[in-house]
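Undergrad: Could you have a look at this structure, given as structure tokens, before my questions?
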Amino acid sequence: MGLSEPSARLLTALVEARTGQRCDTAGNWRVESRLGGVMASRGLTDMDELVGRIVAPGGAGLARDVVDAVLNNETYFFRDSETFNHIGRFIRHMHDRIEPGRTLRIWSAGCSTGQEIYSLALLIAEELDGLEGRPVELLGTDVSTSAIRRAERGEYNQFEIQRGLPVRRMLRWFEQQGESWRVQPALRAMVRFRSHNILEAAPAGFFHLILCRNVLMYFPGPAREAALARFSDALVPEGGLVLGAGETVLGRSDRFRIAEDFRGIYEHLTDFPPRAARLG
């Protein structure tokens, strides 16, 4: 049985309350297909019965699984490769500006199953020579606990490993285990993961670069503005923010400007120093 209008409204409210994201139930078949695994694991065939169990006592775990299933976790290695070229240049730029010995910190917000943050780790290890011994901290966060668990494992199937990753890099940085490919320990050690909602307080400390790509498009206007304010609070002055190709800060925040020398990157304005942070 399909998803009724009252149940669709409840699911929309649930996802937005938990994540800040709008859940478009106009195409209910998409929601139903994503929830197929959750329903099968509980022996359910009726969408409205699923929603009824969510709101019943003891439904918190089911609600979490449903939200995880509905979220769009689309990602792949070196997504928009030209953007990564500019990101690499910006990382080098920040490396050259901050004091020697200081940790360079990068946050991938909405990292999904980890391909983006591992792409950054690979970029730093290969093309930026590991930033010549400078300490680097790469943090990947996502509201989906199941996505974070997958990212921590760093294990991808044949389809996932081939999306955006040349064979040379695949063989150098991943180990084949049966039909899967797993991130090499040296690359995995560069990254840490945690569950986090970007509408909540940012992880501790300040970052030199934040990536939140193809996430804010799912947020209503006020939630986008709140997220951008969180990023501003977490960035050092003149740090960088990278959004998706169809996303912008224009009309949403006056704390950033387009970086002249780094296409696709917004520079954090020094007129808005986050909590008296200093560069470095």
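The values are calculated or read from the model by the stated rules, or taken from the named source; none is laboratory data. Small disclaimer: the values here were computed from a predicted structure and weren't measured. Because the Cβ atoms are built from the backbone with ideal geometry, glycine has one as well, and the counts that use them run over all protein chains shown.
Undergrad: Has the range 104-119 got any residue that is over 23 Å from LEU199 (Cβ atoms), modelled with pLDDT of 80 or more and not assigned by TED's automatic domain parsing to the domain that holds LEU243?
TA: Scanning the range 104-119 turns up no residue that is over 23 Å from LEU199 (Cβ atoms), modelled with pLDDT of 80 or more and not assigned by TED's automatic domain parsing to the domain that holds LEU243.
Undergrad: Another question about this same structure. For HIS93, which of the numbered conditions (1) over 17 Å from ARG18 (Cα atoms); (2) touching a residue at least 60 places away in the same chain (Cβ under 8 Å); (3) part of a loop (DSSP other than H, G, I, E, B) fails to hold?
TA: It is condition (3) that HIS93 fails.
Undergrad: Let me ask something else. Pick from the range 7-66 the residues that are part of a loop (DSSP other than H, G, I, E, B) and either under 22 Å from the mean Cα position of the chain (by Cα) or assigned by TED's automatic domain parsing to the domain that holds SER146 (or both): which of them is modelled with the lowest pLDDT?
TA: The extreme case among them is ASP24.
Undergrad: On to the next question. Filter the range 211-230 down to the residues that are in contact with a Ser or Thr (Cβ under 8 Å, 6 or more places away or on another chain), in a helix (DSSP H, G or I) and crowded, with 18+ Cβ neighbours inside 10 Å and list them by number.
TA: LEU228
Undergrad: Another question, if that's okay. Which residue, of ARG194, ARG168, ARG172, is surrounded by fewer than 18 Cβ atoms within 10 Å (Cβ to Cβ) and either outside any helix (DSSP H, G or I) or touching a Pro at 6+ places or on another chain (Cβ under 6 Å) (or both)?
TA: ARG194
Undergrad: List the number of the failed condition for THR141; all other conditions in (1) over 16 Å from VAL191 (Cβ atoms); (2) in contact with a helix residue (DSSP H, G or I) (Cβ under 9 Å, 6 or more places away or on another chain); (3) among the hydroxyl-bearing types (Ser, Thr, Tyr) hold.
TA: For THR141, the exception is condition (1).
Undergrad: In addition: Given the options THR113, THR103, name the one that is at negative phi and touching a Pro at 6+ places or on another chain (Cβ under 6 Å).
TA: Exactly one of THR113, THR103 is at negative phi and touching a Pro at 6+ places or on another chain (Cβ under 6 Å), namely THR103.
Undergrad: Within the range 175-187, take every residue that is free of Cβ contacts under 8 Å to residues at least 40 places away in the same chain and not in a strand (DSSP E or B) and give me the one that is surrounded by the most Cβ atoms within 10 Å (Cβ to Cβ).
TA: GLN184
Undergrad: With (1) modelled with pLDDT of 95 or more; (2) small (Gly, Ala, Ser); (3) in contact with a Leu (Cβ under 7 Å, 6 or more places away or on another chain) as the list, and GLY140 as the residue in question, which single condition is left unmet?
TA: Here GLY140 clears every test but (3).
Undergrad: Could you look through the range 120-137, keep only residues that are touching a Ser or Thr at 6+ places or on another chain (Cβ under 9 Å) and not in a strand (DSSP E or B), and pick out the one that is modelled with the lowest pLDDT?
TA: So the residue we want is ARG134.
Undergrad: Surrounded by fewer than 18 Cβ atoms within 10 Å (Cβ to Cβ), closer than 30 Å to ARG169 by Cα and modelled with pLDDT under 80, is that true of GLU82?
TA: no
Undergrad: If I filter the range 123-131 for residues that are small (Gly, Ala, Ser), free of Cβ contacts under 8 Å to residues at least 60 places away in the same chain and in the same structural domain as PRO166 (by TED's automatic domain parsing), do I get at least one hit?
TA: yes
Undergrad: Moving on to the next point. May I ask you to list pairs of residues, at least six apart or on different chains, whose Cβ atoms are under 9 Å apart, with the first in the range 144-162 being touching a residue at least 60 places away in the same chain (Cβ under 8 Å) and the second being among the hydroxyl-bearing types (Ser, Thr, Tyr) and in a helix (DSSP H, G or I)?
TA: Final answer for the pair search is SER144/THR19.
Undergrad: Sticking with this structure for a sec: Does VAL51 satisfy being buried (at least 18 other Cβ atoms within 10 Å of the Cβ) and farther than 21 Å from ARG194 by Cβ?
TA: The answer is yes for VAL51.
Undergrad: Sticking with this one: Residues that are more than 28 Å from GLN162 (Cα to Cα) and in contact (Cβ under 8 Å) with a residue 40 or more places away in the chain: does the range 75-87 have at least one?
TA: Scanning the range 75-87, I find no residue that is more than 28 Å from GLN162 (Cα to Cα) and in contact (Cβ under 8 Å) with a residue 40 or more places away in the chain, so the answer is no.
Undergrad: Determine whether GLU116 is of a type outside the set (A, V, I, L, M) and in contact (Cβ under 8 Å) with a residue 40 or more places away in the chain.
TA: Considered against the rule, which asks whether it is of a type outside the set (A, V, I, L, M) and in contact (Cβ under 8 Å) with a residue 40 or more places away in the chain, GLU116 comes out as yes.
Undergrad: Restricting attention to the range 243-259, which residues are outside any loop (DSSP other than H, G, I, E, B) and within 16 Å of the chain's Cα centre (by Cα)?
TA: Across the range 243-259, the qualifying residue is only LEU243.
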